[in-house]
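The values are calculated or read from the model by the stated rules, or taken from the named source; none is laboratory data. Everything numeric here is computed off the predicted structure, so don't read it as measured data. Backbone-built Cβ (ideal geometry, glycine too); neighbour counts: all protein chains shown.
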Amino acid sequence: MTTHDDARSVSPSAPPGFERLNRGGPYMANLGELYCRKGEVEREGEIVFAMRIEDKHTNMRGIAHGGMLASLADSSLGLGLTLYCEGRQSFVTVNLSTDFIDAARPGDWVEAHVEVQKLGKRMAFANCFLQVGTRRILRASGVFAVMNALNPDQLVAGY
């Protein structure tokens, strides 16, 4: 399963160790560039997705819009599950719970630290924290319906 663009296509705005993802479908593509880091993480099995907050992500207070952060968490949870099962299944959100802890601002590098809790035959469970550095800004928990794997045309289109 191809999830990354050419490994050399690392944005200068991304910290070392992150690779650009070509996943998430048209909605996420409109939000901005999404990155992934696997490997050197705090906990085994953790998958980290990230993006840089831009002015277009802000609300009238000049901080990242809560809906945008919830979208990042939701997409990161689903993508994390997909990478966890190596693309053998895909996932559709059944429930998403979020708690907003702090704010993100333009220029912030927001990381979604995803932990898969359980992957069953019909349902999957995962949690994540969105962080700016070590400062947690959002906690999310998701329940997902387990679906058939995406077909090659969907993968090429970035789903």
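Annotations
- In region 71-97, the residues that are more than 19 Å from residue 46 (Cβ to Cβ), touching a strand residue (DSSP E or B) at 6+ places or on another chain (Cβ under 8 Å), modelled with pLDDT of 95 or more and of a type outside the set (A, V, I, L, M, F, W, C): 93, 95, 97
- Sole residue being touching a residue at least 40 places away in the same chain (Cβ under 8 Å), among the β-branched types (Val, Ile, Thr) and within 22 Å of residue 15 (Cα to Cα), chosen from 132, 110, 116, 92: 110
- Within region 74-94, considering residues that are more than 16 Å from the chain's Cα centre (by Cα) and surrounded by fewer than 19 Cβ atoms within 10 Å (Cβ to Cβ), the one farthest from residue 64 (Cα to Cα): 88
- Check on residue 68, in contact with a helix residue (DSSP H, G or I) (Cβ under 6 Å, 6 or more places away or on another chain), surrounded by fewer than 21 Cβ atoms within 10 Å (Cβ to Cβ) and at pLDDT 95 or above: yes
- If you go through region 76-85 and keep only what is assigned to a helix (DSSP H, G or I) and more than 12 Å from residue 126 (Cα to Cα), you end up with just 83.
Okay, residues lined up against (1) under 13 Å from residue 50 (Cα atoms); (2) within 17 Å of the chain's Cα centre (by Cα); (3) surrounded by 15 or more Cβ atoms within 10 Å (Cβ to Cβ):
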site	(1), (2), (3)
101	no, no, no
107	yes, no, no
111	yes, yes, yes
115	no, yes, yes
124	no, yes, yes
131	yes, yes, yes
139	no, yes, yes
143	no, yes, yes
151	no, no, no
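- For region 44-75, the set of residues classified as part of a strand (DSSP E or B), over 21 Å from residue 17 (Cβ atoms) and among the small types (Gly, Ala, Ser) consists of 64 only.
- From the options 110, 156, residue that is at pLDDT below 95 and β-branched (Val, Ile, Thr): 156
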